[in-house]
1. Straight-line reach from LYS34: which lysines fall under 23 Å, measuring Cα to Cα and dropping same-chain residues less than 8 apart?
2. By how many nm would the segment from LYS104 to ALA116 grow when fully extended, if each residue of separation counts as 0.36 nm and the alpha-carbon distance is taken off?
3. Can you tell me the alpha carbon radius of gyration of segment 4-127 divided by the globular rule-of-thumb value 2.2 N^0.38 Å?
4. Restrict the search to segment 1-87; then list the trypsin sites (Lys or Arg not before Pro) that DSSP places in a loop and that have at most 10 other Cβ atoms within 10 Å of their Cβ.
5. Applying the Karplus parametrisation 6.51 cos²θ - 1.76 cosθ + 1.60 with θ = phi - 60° to the phi angles of segment 39-52, what ³J(HN,Hα) value in whole Hz is obtained for each residue in order, glycine and proline being reported as x?
6. Across the chain, where is the longest run that never hits GluC sites (Glu not before Pro) in a DSSP loop with at most 11 other C-beta atoms within 10 Å?
7. Below 8 Å between Cα atoms, with a sequence gap of 6+, how large is the relative contact order for segment 4-127 in percent?
8. Quick check: the distance between the Cα centres of segment 2-58 and segment 76-125, to the nearest angstrom?
Amino acid sequence: MSTVTLTKDTIDDVIGAEGITLVDWWAEWCGPCKQFGPVFEAASEQHTDVVFGKIDTEDQRELAAAAQITSIPTLMAFRDGVLVFSQPGALPAAGLEQIITAVKDLDMDDVRRQIAAQEAEAPEARQA
């Protein structure tokens, strides 16, 4: 599967779907983005069970601001609609492969329990 272009009109449906979605935040003028692009594209061909999306931060400024993108490239990984990884910087192929494997190996029931526990603690932290 090749990469898909994501926009403010399509992102919620794509990342909210079941399964894994990797998002590459990039811009045409960004040298590290140009280095990472072929790595991301090659991984998309190898992992047909993962959705690979690209967001041009110049074209989708509002979306980039909402996602608090301050450095590009930034890679985000979503699984079953949950953000499970976010990191700026270009990765080598082996690094991207490690992230994909880690996201595939996640116990999502455990992830949801951790999120619920953090949300339950949040009101107490605000009162302190």
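No value in this document is a laboratory result; all are computed from the given coordinates. Being a predicted model, the structure only gives us computed values, none of them experimental. FYI the Cβ positions are ideal-geometry reconstructions off the backbone, even for glycines, and counts take in every protein chain you see.
1. LYS8, LYS54
2. 2.2 nm
3. Values: Rg = 15.2 Å, N = 124, 2.2 N^0.38 = 13.7 Å.
For segment 4-127, the normalised Cα radius of gyration comes out at 1.10.
4. On the way: sites: LYS8, LYS34, LYS54, ARG61, ARG79; in loops: LYS8.
Answer in residue order: no site qualifies.
5. Result, ordered by residue: 5, 5, 5, 4, 5, 5, 6, 7, 10, 6, 8, 10, 8, 10 Hz.
6. 29-128
7. RCO, segment 4-127: 30 percent.
8. 17 Å
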